[in-house]
């Protein structure tokens with residue numbers, strides 16, 4: 001079987017941010033190999049994969065690129081950032097804002 005590259009887009013309006021974690025788009029349909037999270041809003045946000053810790057803080061007006069080497073510091077073939085079915089979640093740091101937060105996610109899977 002051949003592997004194909006797919007893209008998934010996750011978006012969130014910062015005006016809807018609360019102090020509790022909320023789903024950041026839908027769960028991943030395939031394993032994630034690279035992802036770019038852009039915070040085009042005017043507030044910092046926390047992003048997590050487990051809904052209980054602040055794994056990532058993305059400052060307002062910044063972009064974070066995440067690759068396998070970034071998270072695992074490994075060149076092992078087949079390393080994934082987030083497994084299929086992972087639900088990214090997001091919450092405010094200090095309050096709701098204006099603007100959007102979005103993530104471009106590179107996934108791979110069979111046809």
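For the subset of segment 77-105 comprising residues that are within 11 Å of the chain's Cα centre (by Cα) and in a strand (DSSP E or B), which member is surrounded by the fewest Cβ atoms within 10 Å (Cβ to Cβ)? If we take residues in segment 77-105 being within 11 Å of the chain's Cα centre (by Cα) and in a strand (DSSP E or B), then 104 is surrounded by the fewest Cβ atoms within 10 Å (Cβ to Cβ).
If the requirement is being modelled with pLDDT of 90 or more and within 20 Å of residue 98 (Cα to Cα), which of these qualifies: 9, 28?
Values: 28 fails: within 20 Å of residue 98 (Cα to Cα).
Result: 9 is the single residue among 9, 28 that is modelled with pLDDT of 90 or more and within 20 Å of residue 98 (Cα to Cα).
Checking each residue in segment 31-56 for being surrounded by fewer than 16 Cβ atoms within 10 Å (Cβ to Cβ), assigned to a strand (DSSP E or B) and at pLDDT 95 or above picks out only 36. Taking segment 57-68 as the search range and keeping residues that are buried (at least 17 other Cβ atoms within 10 Å of the Cβ) and closer than 17 Å to residue 107 by Cα, which one is modelled with the highest pLDDT? Here the residue is 66.
The values are calculated or read from the model by the stated rules, or taken from the named source; none is laboratory data. It should be emphasised that the depicted structure is a prediction, and the values quoted were computed from it without experimental measurement. Virtual Cβ from ideal backbone geometry, glycine too; neighbours counted across all protein chains shown.
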